[in-house]
Each structure stands twice: as structure tokens, then as C-alpha cells.
Amino acid sequence: MGRPVPEYLPHPPSERSAEAALRCGALVMALASASAAGAANPPPPKPGEVPAPIYTCIDSQGRRLSSDRPIPECLSQEQKLLRRDGSSKAVVPPLLSPEEKARQDAAKQKAEQAKLARDAEARRDRTLLTRYPDRAHHEDARAKAQEPVTRQIELARQRLAELETESQALAAERDALQGKPLPQALKARVAANEGSIEAQQTILRTQQAERERLTEQFDAELGRLKLLWSASPGRPGSGASTP
């Protein structure tokens, strides 16, 4: 007779399914716990490796989230950037909408333009103080700038007076003809006289306008210089107190 074969009594199918389900559930829980532990306590960086920062935030549902990169659920709010030891490194601002981004860019551009304007004004002030350390230097510069303009005005007025005298003489010649046709030579002289008068009047108006412009410029500079001189009372030769 052969040896008896041991008889194995298998578990009922329902018991095998229940046991497998328990083992699977335990494995899933173990993996989840390991993953959470790894996220909370990331492995130390390898030698020479720069440790990555940690992003953390509380989403709209009140959950605290952490990641090694920006968290999509918190893009509309601030995210804290932590070091590996848990200390705060920075705060990442929320992602702006196109409208918010446009407003932010406009405000930034306005601030930059204001800064450029302030810098330009500061450069002008430094130039003014270097060029005109006191009232005497400024008055001397005013006189030198207006001198050629004043001379041109005087010359134009003198030439106009001469042309007016010539015009009166031409008028007397016309009257002497007693209504007769004017000779061509006389017509040419009259036309030339009238053209010269118009040209000198234009020169006179132009130079007068230039003199007014220079006066306004130097007056504005003097007003600014008085403030700069008074703000720098220790400057050598300051003429701020000069009326």
C-alpha cells in the first residue's frame, strides 16, 4: 500500500476573499503612511546637492499642503517658502489675473517714470549749483546771454528808423508826380523799402520774443537756485541771502 496523502481542507471562498482584502488594505495604509512620512520628513540632500525649498499653504478647504514646487491649489493666494529645517525663507505672492497683472504693471511703470523724473530733476539741480554757485554768477550769465539779443533789437530799431525816413522821402517823390504814373525805378524803390521794413519788423519781433524767453528762463532758474542755495547754507560764496 502506498503512503497516505495528507488531506488538506481549503478555506471557503468567502474566507479567502476577506483575508486578501485585509492584506491589501493593510498594504495600502502602509504605503500611504510611508509616503506621508517621506513628504513630512524628506531625505537629507546628497553631498554637494542644494536642498530644494518647501512650499506650504492652507487651501480653500482648510487643508495644509506642502510640496517641493508651487502648489496648484494655492496659486490664488500666498504660499510660504520654507527651508528644509522648517524656517521661513520667503513668501511667494499669489498668481495675478490678467487684469491685476495689467494694473500692477501700470503702477510699476508710473513709479519708474516718477523716479526717472526725480533723478532728472536732481541732475538739473546739481548742474545749476555747479554752474551758478552764487547770485553774481547767475546775473553775469543772464547779462551775457541777453547781450547779443539786445544788440540785435537795437540794430533792427535803427534800421527801421532809417527805412521810415526813406519811406517818407519816397512818399514825397510820389506826391511830386501829382497823380502821374510812377516810374519803374520809383516803383522798385518803394517795393524794396516796404520789403525791408517788413523784414526788419520780423527780426525785431523775433529778437523781442527771444529776450522774453531768456528772461523767463533765468527768472525760473533764479527761483530754483534760491531754494538750492538756502538748502546749502555752507556752500562757499552762497548768494542765497542776496535780494
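The values are calculated or read from the model by the stated rules, or taken from the named source; none is laboratory data. These figures come from a predicted structure and were not determined experimentally. Here the Cβ positions follow ideal geometry from the backbone for every residue, glycine too, while neighbour counts run over all protein chains shown. In case anyone asks, the SASA skips ligands and DNA or RNA and just uses the protein heavy atoms, side chains included. Shrake-Rupley method; radii C 1.70, N 1.55, O 1.52, S 1.80 Å.
Taken over the stretch 169-187, the criterion of being surrounded by 10 or more Cβ atoms within 10 Å (Cβ to Cβ) and in a helix (DSSP H, G or I) is satisfied by A169, L170, A171, E173, R174, L186, K187. Across the stretch 85-117, the number of residues qualifying as surrounded by 10 or more Cβ atoms within 10 Å (Cβ to Cβ), more than 12 Å from P53 (Cα to Cα) and without any contact (Cβ under 8 Å) to a residue 12 or more places away in the chain comes to 20.
Return the residue satisfying two criteria in turn: it lies in the stretch 57-72 and is at pLDDT below 85 and among the charged types (D, E, K, R), and of such residues it is least open to solvent (accessible area, probe 1.4 Å). Out of the qualifying residues, it is D59. Across the stretch 70-91, the number of residues qualifying as outside any helix (DSSP H, G or I) and either within 10 Å of T56 (Cβ to Cβ) or hydroxyl-bearing (S, T, Y) (or both) comes to 9. If you check K144, K108 for being at pLDDT 95 or above and at negative phi, only one passes: K144. Within the stretch 167-195, the set of residues being charged (D, E, K, R) and under 60 Å from the mean Cα position of the chain (by Cα) comprises E194 only. Against the definition (in contact with a strand residue (DSSP E or B) (Cβ under 7 Å, 6 or more places away or on another chain), surrounded by 12 or more Cβ atoms within 10 Å (Cβ to Cβ), among the aliphatic types (A, V, I, L, M) and at pLDDT below 95), how does L82 come out, yes or no? So L82 passes the test.
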